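S.K.: Supplied in structure tokens, the structure appears directly below.
What follows draws every value from the coordinates through simple rules; no lab data is involved. No experiment lies behind these values; they were computed from the predicted model shown. We place every Cβ from the backbone using ideal geometry, glycine too, and count neighbours over all the protein chains shown.
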Amino acid sequence: MSLKISINSLYGALANEYFPLFNRDIAASITGNGRIFIQGVANYVNEKLRSFLKTDHDFLVYGDTDSVYFSLEKIVDKLTVTKTADILDKMVSFDQKFIDGWVQEYIELYSDNFNAFNRSVIGAKLEKIADKGIFVAKKKYALRAVWDEGSYLVENPKMAVTGLEIVRSSTPKFCRVYLKKSLPIIMDQDEKAVADFIKDVKVKFMEAPLDDIARVSGIGTLSYIGDIGSRFIKVKDNGSYDLNKMGKPQTAPINARAALNSNIFAREQGIDSTFPQITAKDKIKYIFLKTPNIVGDDVIAFFDSRFLEKSGVDEMADREHMFETFFMQPLNLMLDAVQYNVKKNFEMDLDAWDF
């Protein structure tokens, strides 16, 4: 691990223009070699699997910067064993007997082509076996691992999630919990079960504390001028507009706009001494508001939900919009990945989704 950290640090230094030995070509060659290797080993093993099973079926499911995933369902279907633990034994054995060898073959080819100084440090090994998976996009997927680096997890599978809203700190607490609960339902049940789950979650969402359903965000800067309901324009230290690449003034992103709205509204209501003003680098929560409202905009930020209660803003929360944005949008990404269309499948009209 210490060697890996040192190597990663060296790469970062070489890519840093302020490092004395900065060299963009060397830095690019490091990532380029890694990219070529992972793509090459993925395609090589995929072709070997095709040849082994005498098929033109594509076994490669997904690949990114440091891993590749293959679906071996066609091999599992040929097995005579049915218990999960026995199937895993067969799959581990298949990896050791065939896939490991194919990986080593490719390493030899790769090392010869790139004149590798020490080919013994180049490698790839089996990390996980999953019985189900949802691949949404690059670096965004969920796997239910039943074998993880030598550990059998048949009795207690491990849900490994990468990049999805489920594991992002900005996702509202409520949504993280129920998006995670949706995974086994999507993986194991049908569209009707998912639809029933969504109905139940929406009822709970509409009654949940605003603290639990608000988006979490950091604040980079609040160097903007403007007022509630208008575009906040970013300014430089000298007071001039900060322009974007198109030469137009930069406007505040939603988190900064929510914070600015909060500060101005608190001062107008005379409660800014009770509730601290939001400053740059703070971590805040924000909610959407129904319009028109006493704030004058459709979003507001807060540290303490008592701020919303004290000002009466809590009654204006647009829970419908928040449910669609914070829960349904990330859920739909997963549903689209498995080709589930809950509304269309059950011919639900819009009224059926209003509670």
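S.K.: Mind listing the Cα extents of region 100-257 along all three principal axes, in Å, largest one first?
M.R.: Here the Cα extents, ordered largest to smallest, are 65, 52, 23 Å.
S.K.: Where in region 19-55 is the amide nitrogen less than 17 Å from a point lying 7 Å along the Cα-to-Cβ axis of residue 9?
M.R.: Backbone N within reach: 19-22.
S.K.: Sort 204, 285 so the one with the fewest other Cβ atoms within 10 Å of its own Cβ comes first.
M.R.: The most exposed by this proxy come first: 204, 285.
S.K.: Then there is this: Enumerate the whole-percent occupancy of each 10 Å bin, from 0 to the last occupied one, for all C-alpha pair distances of region 2-126.
M.R.: It works out to 11, 34, 29, 16, 8, 2, 0, in whole percents.
S.K.: Please enumerate, by chain and number, the lysines with C-alpha under 21 Å from the C-alpha of residue 199, excluding those fewer than 8 residues away in the same chain.
M.R.: Result set, ordered by chain and number: 173, 180, 181, 343, 344.
S.K.: Turning to a different aspect of this structure: Considering only C-alpha atoms, what is the centroid distance from region 6-36 to region 166-211, in Å?
M.R.: Between the Cα centre of region 6-36 and that of region 166-211, the gap is 42 Å.
S.K.: Please report the projected area of region 168-355's Cα convex hull averaged over all directions, in nm².
M.R.: For the Cα atoms of region 168-355, the hull's average projected area reads 12.7 nm².
S.K.: Using the number of other C-beta atoms within 10 angstrom as an exposure proxy, rank 213, 75 with the fewest first.
M.R.: Neighbour counts put them in this order, fewest first: 75, 213.
S.K.: Under a 10 Å cutoff between Cα atoms, tell me which one of 55, 279, 171 has the largest fluctuation in the Gaussian network model of the chain.
M.R.: 55
S.K.: Additional query: Can you pull the semi-axes for region 1-65, root of five times each eigenvalue of the Cα gyration tensor, sorted largest first, whole Å?
M.R.: With the √(5λ) rule applied to region 1-65, the semi-axes are 36, 12, 8 Å.
S.K.: In addition: Give the long-range amide H neighbours of residue 318: residues separated by 5 or more places, or on another chain, with amide H under 5 Å away, using H modelled in the peptide plane at 1.01 Å from N.
M.R.: Those lying under 5 Å, H to H, from residue 318 are 288, 289, 290.
S.K.: Roughly what would the spin-label model give for residue 339 and residue 100, points 7 Å off Cα along C-beta, in nm?
M.R.: Placing both labels 7 Å along Cα→Cβ, they lie 3.7 nm apart.
S.K.: Based on the alpha carbon coordinates of the chain, what radius of gyration and maximum Cα-Cα distance (Dmax) apply, in Å?
M.R.: When restricted to the Cα atoms of the chain, Rg and Dmax are 26.1, 76 Å.
S.K.: How high is the FRET efficiency from residue 196 to residue 23, r the C-beta distance, R0 51 Å, rounded to 0.05?
M.R.: Calculated transfer efficiency: 0.30.
S.K.: Let me ask something else about it. Could you tell me the calculated FRET efficiency between residue 321 and residue 152, based on Cβ-Cβ distance and R0 = 45 angstrom, to the nearest 0.05?
M.R.: It comes to 0.50.
S.K.: With a Förster radius of 51 Å, plug the Cβ-Cβ distance of residue 67 and residue 268 into 1/(1 + (r/R0)^6) and report the FRET value to the nearest 0.05.
M.R.: For residue 67 and residue 268, the calculated efficiency is 0.45.
S.K.: Under a GNM of the chain (C-alpha, springs under 10 Å), which listed residue has the highest mean-square fluctuation: 206, 246, 322?
M.R.: Of 206, 246, 322, the Gaussian network model singles out 246 as fluctuating most.
S.K.: Exposure proxy check: 1, 334 ranked by fewest other beta carbons within 10 Å?
M.R.: Final ranking by Cβ density, sparse to dense: 1, 334.
S.K.: Just 289, 21, 210 to compare: in a GNM of the chain, with alpha carbon springs under 10 Å, which one fluctuates most?
M.R.: 21
S.K.: Then there's this: How many lysine pairs in region 2-126, separated by 8 or more positions in sequence or lying on different chains, have Cα atoms less than 25 Å apart?
M.R.: 22
S.K.: Return the distance in nm (one decimal) between the two label points of a simple spin-label model at residue 207 and residue 240, each offset 7 Å from Cα along Cα→Cβ.
M.R.: Using points 7 Å along Cα→Cβ, the separation is 5.8 nm.
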